[in-house]
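Take a look at the structure set out below.
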Amino acid sequence: MAPTKPAAKAKPTPAKRASTNTKASQGFSAEEKAAMRERVREMKAEAAKSDGEAEALAAIAKMQEPDRAIAKRLHALIKAAAPVLAPKTWYGMPAYAKDGDVICFFQNAGKFKARYQMLGFSDKAKLDDGAMWPNSYALMQLTATEEAKITALLKKAVR
């Protein structure tokens, strides 16, 4: 009797996902792709031990008004309120780190075509307040009232 060949295993067919979205995915936006390319460049610069403050100031200088004015004032405020934070860039945005970990960052409105600037905090910031708390703040202007709130947040974030 002739030997028989083992039965070929059926290849699994990928499951089709049900989606309520009828629009095809467009992937990342041009702004998101640019931010990712910027992050790769930043990682190379960090490895080469480049000057983080010069990078942050260069990122601020590229911004349009009123983003640039708010970013400059915020940079000075962060340096004064939390001198332990080291300026750098993060995804092309001015950011401030402690022991290499980003604690906060400034996202200008022009970066992602938003209607306001944003001061954001990472999960490394010690802003915990119960079971829920904000980790980003919209900035339309930077008055003494906002500066006082930001100073208090920074001091809490780096404690």
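Other residues whose C-beta falls under 13 angstrom from the C-beta of Ile60 contribute a net charge of +3, scoring Lys and Arg +1 and Asp and Glu -1. Put a dot 7 Å past the Cα of Gln141, heading toward its Cβ, do the same for Lys49, and the two dots end up 4.5 nm apart.
Over 25 Å apart at the Cα level, from the set Lys79/Lys113; Lys62/Lys113; Lys88/Lys149; Lys126/Lys149; Lys44/Lys98, are Lys79/Lys113.
Within the shell of other residues whose beta carbon sits under 15 angstrom from the beta carbon of Gly92, the net charge comes to +3, with Lys and Arg scored +1 and Asp and Glu -1.
Alpha-carbon geometry of segment 30-157: the Rg and the Dmax are 14.0, 40 Å, given in that order.
Rounded to the nearest 20 Debye, what is the dipole magnitude of segment 30-157 about its Cα centre when Lys and Arg each give +1 and Asp and Glu each give -1 at the C-beta?
Details: 21 positive and 17 negative charges, 36 e Å.
The dipole magnitude comes to about 180 debye.
Each value in this text was obtained by applying a stated rule to the coordinates, not by laboratory testing. As the structure is a computational prediction, the values presented were derived from the model and not from experiment. As a convention, Cβ positions derive from the backbone with ideal geometry for all residues, glycine included, and neighbour counts pool all protein chains shown.
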